[in-house]
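Visitor: For reference, the structure I am asking about is given below.
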2 protein chains.
Amino acid sequence: MAAVEIERLIRLLARLPGLGPRSARRAALAMLKRPEVLLQPLVETLAACAEHVRRCSRCRNLDVRDPCGVCSDAERDPKILFVVEDVEDLWAMERAGSFRGVYFVLGGTLSALDRVGPDELGVGALLARVAEGGVEEVILGLGATVEGQTTAHYLAERLKPLGCRITRLAQGVPVGGELEYLDEGTLEAALRARQPIV
Amino acid sequence: MAAVEIERLIRLLARLPGLGPRSARRAALAMLKRPEVLLQPLVETLAACAEHVRRCSRCRNLDVRDPCGVCSDAERDPKILFVVEDVEDLWAMERAGSFRGVYFVLGGTLSALDRVGPDELGVGALLARVAEGGVEEVILGLGATVEGQTTAHYLAERLKPLGCRITRLAQGVPVGGELEYLDEGTLEAALRARQPIV
């Protein structure tokens, strides 16, 4: 069989999302067969990430700087705070490129089952940040899932006394979506929120 | 957007088989979010692999020892040499656990299109190893693909003058296979190689 080191590498890779034991083995072999092209650059890049990447102390984004690139960008508007579930959501918004405010990363959603309460999500830090003043609008950009919406409602309740505007993302037909393939919930939400064309 | 280091990590991960840009991003985030559990152990394990894993000088398997664990196992029979296309095939045979001889890893198949000739596959090293003497049987365990079988025929021609027995793996119905779902080529091969039950 393979050496202990290789087995350990396969086991670690198999813990990544989207990789199972078989694909982890393929990935490990691809690295080992091309040490100059894949293995060595990966060692260096991972080591650099392990050393430098930190959570931003303001928004909890992942970056090599603290405050992160978004928080320290003077062009962005700190009066609009976009609350996301996780870093991937922040990155997705940044790829879309249309939001010019700042973020706060919750790190998940409330879940009694998984014992994720307000403390685990840093709700205190979010409230403190808004209480500081300077934030005029909080956009609750959580997923349109049961957990996401429960968390959004909870946050809205807690944020209300602080006097800022609280909004959420629109629900409706996704761009490119065909009605035939959409679920009833989406169709109902889109109908309810229908808008005049002219 | 994400830091340069993180972007580089995602780009490198996306070059692994089975991972695209999206899954590479998910994998990178999974590592970065759990530095103690995933990122740090991966850095260490990859560095250990980069430092210690080498091609075995006898069979071209990947291992931290040279000769590799298989070649240096005194329990194994060096008179039976199993020729495989690649390291993953060697590992698959070892997982099956029924072969107790030794291996030679070609590193691919002959391919005029990809400019893979006998020199790229180390055919010279294979012939030299058999010419040394001590090998009584060469099993050509190449894939049942056009490239695999072309390569097997070429190797058989080159090995014939050396006087050892040359065999190949049986073709037929895979264990658990249902005739209904098998292709015509497999059914034809299984019929041609049919065997008496008693």
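The values are calculated or read from the model by the stated rules, or taken from the named source; none is laboratory data. Keep in mind that what you see is a predicted model, and the values were worked out from it rather than measured. Virtual Cβ from ideal backbone geometry, glycine too; neighbours counted across all protein chains shown. Accessible surface is based on the protein model in full, side chains and every heavy atom, while ligands, DNA and RNA are left aside. Shrake-Rupley method; radii C 1.70, N 1.55, O 1.52, S 1.80 Å.
Visitor: Taking a label point 7 Å out from Cα toward Cβ, give me the nm distances from B:P174 to the same spot in the other copies, shortest first, one decimal.
Guide: Between copies, matching label points for B:P174 lie 3.3 nm apart.
Visitor: Please compute how much accessible surface disappears when A pairs with B, both sides summed, using a 1.4 Å probe, and round it to the nearest 100 Å².
Guide: Interface area, both chains combined: 4700 Å², rounded to the nearest 100.
Visitor: Near B:K160, which aspartates and glutamates are there with a Cα under 19 Å away, not counting those fewer than 8 places off in the same chain?
Guide: B:D119, B:E132, B:E136, B:E137
Visitor: Same structure again: Using just the helices of chain B, give the 222 nm mean residue ellipticity in deg cm²/dmol: DSSP H runs with n ≥ 4 each add -39,500 (n - 2.57), and the total is spread over all residues, rounded to 500.
Guide: Estimated from H runs of four or more residues: -12000 deg cm²/dmol.
Visitor: For A:E137, go 7 angstrom from Cα along the Cα-to-Cβ vector, then report the distances to that same point in the other copies in nm, smallest first.
Guide: 7.7
Visitor: Further, regarding this structure: Mind listing the Cα extents of the protein assembly as shown along all three principal axes, in Å, largest one first?
Guide: 90, 48, 41
Visitor: Would you work out what percent of the accessible area of the stretch A:4-52, with all protein chains in place, is carbon or sulfur (probe 1.4 Å)? Please report the intermediate quantities before stating the final value.
Guide: Working: 1150 of 2290 Å².
Looking at the stretch A:4-52 in its full context, I get 50 percent from C and S.
Visitor: Moving on to the next point. Along Cα→Cβ at 7 Å, what distances in nm separate the A:E120 label point from those on the other copies, shortest first?
Guide: Nearest first, the other copies' label points are 5.2 nm away.
Visitor: I need the P(r) histogram for the stretch B:4-52: all alpha carbon pairs, bin width 10 Å from 0 out to the longest distance, whole percents.
Guide: 27, 51, 22, 0
Visitor: Right, another one. Going toward the positive end of the dipole of the protein assembly as shown, with +1 on Lys and Arg Cβ and -1 on Asp and Glu Cβ, which of A:G101, B:L179, B:L155 do you reach last?
Guide: It is A:G101, whose Cα lies furthest towards the positive end.
Visitor: Provide the three semi-axes, in whole Å and in decreasing order, of the ellipsoid equivalent to the stretch B:63-198 as defined by the square roots of 5 times the Cα gyration tensor eigenvalues.
Guide: Equivalent ellipsoid of the stretch B:63-198: 26, 19, 16 Å, largest first.
Visitor: Given a Förster distance of 51 angstrom, what is the FRET efficiency for A:R54 paired with B:T167, based on the Cβ-Cβ distance and rounded to 0.05?
Guide: Step by step, r from the Cβ atoms, then E = 0.30.
Visitor: Something else about it: First compute the accessible area of the stretch A:55-182 with a 1.4 Å probe, then give the percent of it belonging to carbon and sulfur atoms. Mind dumping the intermediate values first?
Guide: Values: 3640 of 7020 Å².
Solvent-exposed carbon and sulfur of the stretch A:55-182 make up 52 percent of the total.
Visitor: For the protein assembly as shown, what does the accessible surface come to per residue with a 1.4 Å probe? Please give it in Å².
Guide: 56
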